[in-house]
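Reading through the structure tokens given below for one structure.
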Amino acid sequence: MSGWLPVAMIAAPLLGALVLLVAPGVVRPVLRAYGMAVSGVTLALAVVMVATFDYGQAGRPQFTVDWDWIPGLDLRFQLGVDGVSLPLVALTALLTFLCFAYLGWGRGDGAGQLFHPRPGGARARALVFTLLVLEVGMIGTFFALDLLLFFVFFEIVLVPMYFLIAIWGGEGRRAAAIKFILYTLLGSVVMLIGLLLIWAQTGTLDIVALTEAHGAGMSRGVQVVAFVAVGLGLAVKTPMWPLHTWLPDAHTEAPTVGSVLLAGVLLKMGTYGFARIAIPVLPEGAVAVAPWLGALGVVGIIYGALACLAQRDLKRMIAYSSIGHMGFVLLGFATLSTAGINGALFANVAHGLITGLLFFLVGAIKDRYHTADIPSLGGGMLARLPHLGAVLTFAAIASLGLPGLAGFWGEMLALFGAFQPAEVLPLGLFRTFMVIGGLGAVLTAAYFLVMLSRVTHGTPATLQVAEASVTGRSTATLPGEHPVDPLPEEPPDIRPYEMVAWVPLIVLILLFGLWPKLLLSLTTPAVQTLLGALS
């Protein structure tokens, strides 16, 4: 098939960003529409790609591009999409557009305030430019079929995300941004060493050719070393315990759109690398490292859940929940089975939809309550803001893995893959991982239900004060409790622009939860191709 679609989807935000460099006179209202228009073009092209994709050949790259890039080094500009990357390309285009819609239609509130300059020169034009460059790197990573090109796109996202956190983030934004860039750059250096080792041993950077070779030309020792190097770089971005410590700070300080894209797309770039490069290109290395990968995955599941139970800040709790959910993804990959890797890929998409929605909701809550501290929210959101409370409840139960919603299938398949891993892996060990992962699923349900009981249920703070004034009861707290201050005025429920940003995510969470075949029929042929050397 023609390769114009991947090129156009990368070129649209790239050209959109370049136009901003030569159009300094563009006024703020035009910028709001401009960002939506450019990301809307990319989303429209993604819809065309989804509609014209040959689902009968989902295991083979389509819409391919193969151009000379750096002839002296025999480097080529290779793009394409298959059943593994297509859902992530569509997810990236959708979330980016929804972020621009959230910014573009939000006026006089937490969304629109991002367009107001801080002292020091942060401007609306810079914000739109940053988000468009970020989209170039995200989409390009999922299209790349050359190892070096993959690395280039993988690194492009670091700079705009750094500035997104450092300029438009919260009070601790600079420290969080520096921590983010240092961790991810260090991981990238290690990953580059692994990629260069593959190139030195095979003489090619062509991901398709390397996948079809299934490790030919590399000894087992070389594959293990390369897998560890590449895997460490990917694990930082995923993030995998214990390389996760940059994530809570980055999420907590990032603006709402930064958190949505960080959780919804950037984390998926790390897990996608395992499916695209590490496992199919280095099969013997994957077999050797899989037990360790599974062990670190289940530790992340338990650690993330326990950390969530200890959090007082709602945004930080959701950040830690990503560590647990990505633990299920890593466990699925570690099983090296069709079911497990399908579960990992499904969980990737589900997490992007659900956690993206959760971070949108936290942004809305902070806008209304001016805090994300759970005790300070005072409870009773379902009584005070029934629609916002209902959507928060929906997103939470989707994230805890309720059957019938998208969050269930990925975790279930990952655990099933651990019950029946690839024949070359130790069965008893992986069934132990399955039991630990199941315990983690129970803890996940626990921390989300505890959060809902504290935020959405109970009596709103304003009603508590009103009741106290009638009955003469004191509203003083017990020693060690956090005082609940009533809001000065009744905050608004869901605004129209918020519904525009959230409804597509809600619909897709329901659709993939009720009709998982929609995704699994796309990923299964690609997974079988990737596992060719292990079957």
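With the cut-off at 24 Å, tell me which of the pairs Lys179/Lys237; Lys237/Lys366; Lys179/Lys268; Lys268/Lys315 have Cα atoms farther apart than that. In this structure, Lys237/Lys366 exceed 24 Å between Cα atoms.
All distinct Cα pairs of region 214-253 go into the 1/r average, and the inverse of that average, the Kirkwood radius, is 11.7 Å. Helical content alone sets the calculated 222 nm signal of the chain at -23000 deg cm²/dmol, taking -39,500 (n - 2.57) per DSSP H segment of four or more residues and averaging over every residue. Each Lys and Arg contributes +1 and each Asp and Glu -1, all at the Cβ; summed about the Cα centre of region 225-316, the dipole is approximately 160 debye. Magnitude of the charge dipole for the chain, about its Cα centre and with charges confined to Cβ atoms of Lys, Arg (+1) and Asp, Glu (-1), is about 620 debye.
Helix 496-514 and the longest principal axis of the C-alpha atoms of the chain enclose an angle of approximately 50°. Residues whose amide H comes within less than 5 Å of that of Val157, counting only those at least five positions distant or on another chain, are absent (H built at 1.01 Å from N in the peptide plane). For region 9-69, the alpha carbon positions stretch 48, 29, 11 Å along the principal axes, listed from largest to smallest.
Taking a ≥ b ≥ c as the square roots of the eigenvalues of the Cα gyration tensor, region 21-106 is classed as oblate, since a/c reaches at least 1.5 and a/b does not exceed b/c.
Ordered by solvent-accessible area of protein heavy atoms (1.4 Å probe), largest first, the residues Ser453, Ser322 come out as Ser453, Ser322. In the chain, a dipole from Cβ-located charges (positive for Lys and Arg, negative for Asp and Glu) runs towards its positive end, and of Gly378, Leu75, Trp241 it is Gly378 whose Cα lies farthest in that direction.
Cβ-Cβ distance of Val48 and Gln420, R₀ of 45 Å, FRET efficiency by 1/(1 + (r/R0)^6): the value works out to about 0.70. Does anything in region 35-56 have its amide N under 18 Å from the 7 Å Cα→Cβ label point of Ala8, and if so which residues? Taking a point 7 Å out along Cα→Cβ of Ala8, the residues of region 35-56 whose backbone N falls under 18 Å are 37-54. Residues whose amide H comes within less than 5 Å of that of Ile494, counting only those at least five positions distant or on another chain, are His387, Leu388 (H built at 1.01 Å from N in the peptide plane). Summarising the amide proton neighbourhood of Trp69: residues at separation of 5 or more, or on other chains, whose placed amide H is nearer than 5 Å comprise Leu75, Arg76, Phe77. Computed from the alpha carbon atoms alone, the convex hull of region 177-232 holds 73 Å³ per residue. Rolling a 1.4 Å probe over the protein heavy atoms of the chain, with every protein chain left in place, gives an accessible area that is 68 percent carbon and sulfur.
Can you give the Kirkwood hydrodynamic radius for region 254-342, in Å, rounded to one decimal and based on Cα pairs? One decimal place: 13.9 Å for the Kirkwood radius. Would any residue of region 31-65 have its amide N under 19 Å from a label point 7 Å out along Cα→Cβ of Val22? List them or say none. Those under the cut-off are 31, 34-35, 38. With protein chains left intact and a 1.4 Å probe, residues in the chain average 36 Å² of accessible area per residue. Here the relative contact order of region 173-268, from alpha carbon pairs under 8 Å that lie six or more residues apart, stands at 40 percent. Each residue of region 128-143 is assigned a 3J(HN,Hα), and the resulting list reads 5, 4, 4, 5, 5, 5, 4, 5, 4, x, 5, 5, x, 4, 7, 8 Hz, derived from the Karplus form 6.51 cos²θ - 1.76 cosθ + 1.60 (θ = phi - 60°), x at Gly and Pro. Legend: translational diffusion of region 341-428 by Stokes-Einstein, Rh = Kirkwood radius over C-alpha pairs, 25 °C, 0.890 mPa s; D = 165 µm²/s. For region 222-238, the Karplus equation 6.51 cos²θ - 1.76 cosθ + 1.60, evaluated at θ = phi - 60°, returns couplings of 5, 5, 5, 4, 5, 5, 4, 5, 5, x, 5, x, 5, 5, 4, 6, 4 Hz by residue, with Gly and Pro reported as x. Summarised in one figure, the compactness ratio Rg/Rh of region 154-296, Cα atoms and Kirkwood Rh, is 1.03. Computed as a quarter of the hull surface, the mean projected area of the alpha carbon convex hull for region 261-420 stands at 9.2 nm².
Under the criterion of Cα pairs below 8 Å and six or more residues apart, the relative contact order for the chain equals 15 percent. Here the average projected area of the convex hull drawn through the C-alpha atoms of region 494-533 stands at 3.7 nm².
Please list log₁₀ I(q)/I(0) at q = 0.15, 0.20, 0.21, 0.23 Å⁻¹ for region 395-448, using the Debye equation with identical point scatterers on the alpha-carbon positions. Relative scattering, expressed as log10 I(q)/I(0), comes to -0.44, -0.69, -0.74, -0.82. Each residue of region 195-212 was assigned a 3J(HN,Hα) from its phi angle through the Karplus expression (A = 6.51, B = -1.76, C = 1.60, θ = phi - 60°), giving 5, 5, 5, 4, 4, 5, 7, 10, x, 9, 10, 6, 5, 5, 5, 5, 5, 5 Hz with x at Gly and Pro.
Approximating the spin labels as points 7 Å out from Cα along Cα→Cβ, the Phe77-to-Leu182 distance works out to 3.7 nm. Name the longest site-free stretch of the chain, where the excluded sites are GluC sites (Glu not before Pro) in a DSSP loop with no more than 13 other beta-carbon atoms within 10 Å. The answer is 172-422.
When you work out D = kT/(6 pi eta Rh) for region 233-287 at 10 °C and 1.306 mPa s, using the Kirkwood radius from C-alpha pairs as Rh and the Stokes-Einstein form, the result is 132 µm²/s.
The values are calculated or read from the model by the stated rules, or taken from the named source; none is laboratory data. Not measured: the values here are computed from a predicted model. Glycine gets a Cβ as well: all are built from the backbone with ideal geometry, and neighbour counts include every protein chain shown. These accessible areas exclude ligands, DNA and RNA; they are computed on the full protein's heavy atoms, side chains included. Shrake-Rupley method; radii C 1.70, N 1.55, O 1.52, S 1.80 Å.
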